[in-house]
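Asks: Have a look at this one before I ask anything.
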């Protein structure tokens, strides 16, 4: 089955076209600057990348241009859109409504609308991308795959916040987590390495502009660092992560912020950017640290210290650890972050092979970076959320 996987951002539309017969990627690319101009970059193996500047007023127009590119005799890869049998969409937050991937219908869209407040940076963009695909491909089945779904196995004491129970129930306030599609993929890969799911204790570290860590026991999540929204947990590119809740009203009073302004502040002006005053990108901060910038070093040290604390606490929660996994942009490429996060964890059985770790960037496959005498294997596993989305989409559509 040929499945188009779509990941819609506020001004972008990433895509990959899969052939699920062998899980190969036929083509991939991105539509960017939607609403403020427009351009598409289209990639296929064995061909030069295709790039075109073209007006894209909205996501519907971007989807039309994507279709035109896929079917273009000169640069495309399919004769017509009938070859695409389904579209799978990456959705960050499904709230309390979705615990698994679903086929799109009017009721599903209405419930997704109710999740806007839970992922304010993402849900609106997802809906625009979804509606754009429906408008351009009205007869093609559409499937939603949720980042929160993999975390729905958490026990109540892990997902319940200590606020009045009736209020939590009324407003569906609880820990939902995020990046579940990535955690699900790399945990699955690690389970293959270990040879079993039952009895295993794995910590998966998805580290990127947005970061989260999950504790996976017997193949199921028992805890994760992101919470009611993707704002909780680790320091991130522009997100503050977990802070004293009293800081929120304090800053609002001092700065005269409205709730919406405070939310924007915590999501867009804090984290690595806020501490360093330079950049939300670890690549920029790495250069700044090498040049002796103390605030850049502080921003990075906060992150690595927090990663270490989560590794320790989740090892305690699972009563042991069988494997530690790093993935995503920072996790796969920043050896200094991995090294600092694992330093002084020998008491947990974690010891890196410093040379192997330093050499591991943009790995093609799963890479063991722990030392031969490390009791706990440490792996860098490239995430593949798109493959999970394509597989779920195929399964749902074949069952129709």
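Table: residues versus (1) surrounded by fewer than 19 Cβ atoms within 10 Å (Cβ to Cβ); (2) out of contact with any strand residue (DSSP E or B) (no Cβ under 6 Å at 6 or more places or on another chain).
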| residue | (1), (2) |
| --- | --- |
| 315 | no, yes |
| 326 | no, no |
| 363 | yes, no |
| 383 | no, no |
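Asks: What is the residue count in segment 385-395 for residues that are over 13 Å from residue 188 (Cβ atoms) and either touching a strand residue (DSSP E or B) at 6+ places or on another chain (Cβ under 8 Å) or surrounded by 24 or more Cβ atoms within 10 Å (Cβ to Cβ) (or both)?
Replies: 5
Asks: Would you please name the residue that is nearest to residue 128 (Cα to Cα), looking only at residues in segment 53-71 that are in contact with a helix residue (DSSP H, G or I) (Cβ under 8 Å, 6 or more places away or on another chain) and without any contact (Cβ under 8 Å) to a residue 40 or more places away in the chain?
Replies: Selected residue: 56.
Asks: Could you go through segment 174-192 and let me know if any residue there is at pLDDT 95 or above and loosely packed, with under 14 Cβ neighbours inside 10 Å.
Replies: For segment 174-192, residues at pLDDT 95 or above and loosely packed, with under 14 Cβ neighbours inside 10 Å: present.
Asks: If residue 123 meets every condition in (1) more than 15 Å from residue 225 (Cα to Cα); (2) within 15 Å of the chain's Cα centre (by Cα); (3) at pLDDT 95 or above apart from one, which number is that one?
Replies: All conditions are met except number (3).
Asks: Taking into account only those residues within segment 127-153 that are under 16 Å from residue 17 (Cβ atoms) and part of a loop (DSSP other than H, G, I, E, B), which is modelled with the lowest pLDDT?
Replies: Among them, the one singled out is 137.
Asks: So which residues in segment 309-336 are without any contact (Cβ under 8 Å) to a residue 40 or more places away in the chain and more than 21 Å from residue 273 (Cα to Cα)?
Replies: Of everything in segment 309-336, those that are without any contact (Cβ under 8 Å) to a residue 40 or more places away in the chain and more than 21 Å from residue 273 (Cα to Cα) turn out to be 309, 312, 313, 316.
Asks: What is the one condition in (1) outside any helix (DSSP H, G or I); (2) under 30 Å from residue 104 (Cβ atoms); (3) more than 18 Å from the chain's Cα centre (by Cα) that residue 374 does not satisfy?
Replies: With respect to (1) outside any helix (DSSP H, G or I); (2) under 30 Å from residue 104 (Cβ atoms); (3) more than 18 Å from the chain's Cα centre (by Cα), residue 374 is out only on (2).
The values are calculated or read from the model by the stated rules, or taken from the named source; none is laboratory data. Not measured: the values here are computed from a predicted model. Heads up, the Cβs are rebuilt from the backbone with ideal geometry, glycines too, and the neighbour counts pull from every protein chain shown.
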